[in-house]
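Heads up: the structure comes next, in structure tokens.
Laboratory data are not the source of any read-out in this text; all were calculated from the coordinates shown. This is a predicted model, so every value here is computed, not measured. Here the Cβ is made from the backbone with ideal geometry for all residues, glycine too, and neighbour counts use every protein chain on show.
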Amino acid sequence: MAETIEALERRIDELRVAVREAVLAGDPALASARRSELKRAEQAWEDALAAAGPQAPASPSAPAEPSEPSEPAGSLLPLREQVYEALSLLQVPAAPKLIATVHEAFFGSTFPTTKVTSLKRDEERSFRTSPFARPYYICAALSVDYLSPSRGLLAVSTWPMERRVIGSLSPRVDFLTAAIRVADAIERIPTPPLTARRLLQRFAASIPGAVGEVRDQVNPGVVRMAADAELSVLADADSRMRRQAADRARGQLPDAEQLFGARLQPVTEETGDDAG
């Protein structure tokens, strides 16, 4: 017997929670399975709603047009939760394009990256209106020099400050760390989707020693070893720089600016150094 619309709505709510819990538990395979169940439930809800609505009478003079193949349904999760899922897998600050690519590869849906800019503004507005009212916020990564927002990089508010600041070595360190996280996630999936394998290939192409003899068949273990080898050279210096910047941020910035960055003040005659 088909589920009622109300039962499907309850099931969709339950599956959304299940997806979130799987992501927080660091289990991409389970999250992917729950995501597939969620999409099926969403489609069943759409079908049930259409069947329950009034049926338009068929026009005898107009021949029926061939139906277009339906596109895969997008996620019904709010954008902030989709961004959170992808960042939780990567565990490093990332640009909107990479976030969307990761979400498509491991969670089966993507989103327009143009919407992410307004998302960060909404998150900051929400925090300033009611600080810490949410369990997490999508926030900015901060530059180590001025502690201002690092252009185009997003992070999660619950991460340690040391992970959310970006120094001169940090982009490369975070790239290698993200490659390792993607490799780990792929190894936990019995049959990784093609989008996930292609994502790992793109990471591997920029890491010395990560691509084997067969370029289209990247081994997650080889990618991890190659990324670890380069990280061993960079990680200590990057950690020192980030730790110093994080200490400054905690000591100098109010809560909102620790998450969304300090506002740079233009140098004027009044604010600049006096010359005698």
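Annotations
- Candidate cross-link partners of K39 among the lysines, defined by an alpha-carbon separation under 20 Å and a same-chain spacing of 8 or more, are absent.
- Near the amide H of L142, within less than 5 Å, lie the amide hydrogens of S150, V165, I166, all on another chain or at least 5 residues away, with H placed in the peptide plane.
- Label point distance in nm, L49-S126, each placed 7 Å from Cα along Cα→Cβ: 2.2
- Residues whose amide H comes within less than 5 Å of that of L253, counting only those at least five positions distant or on another chain, are absent (H built at 1.01 Å from N in the peptide plane).
- What separates the Cα centres of region 73-145 and region 156-174 is a distance of 15 Å.
- FRET efficiency estimate (nearest 0.05) - Cβ-Cβ, V17 to R172, R0 25 angstrom: 0.10
- Between A229 and L194, the distance separating the two model label sites (each 7 Å from Cα on the Cα→Cβ line) works out to 3.1 nm.
- Gyration tensor (alpha-carbon) shape descriptor, region 109-259, a/c threshold 1.5: oblate
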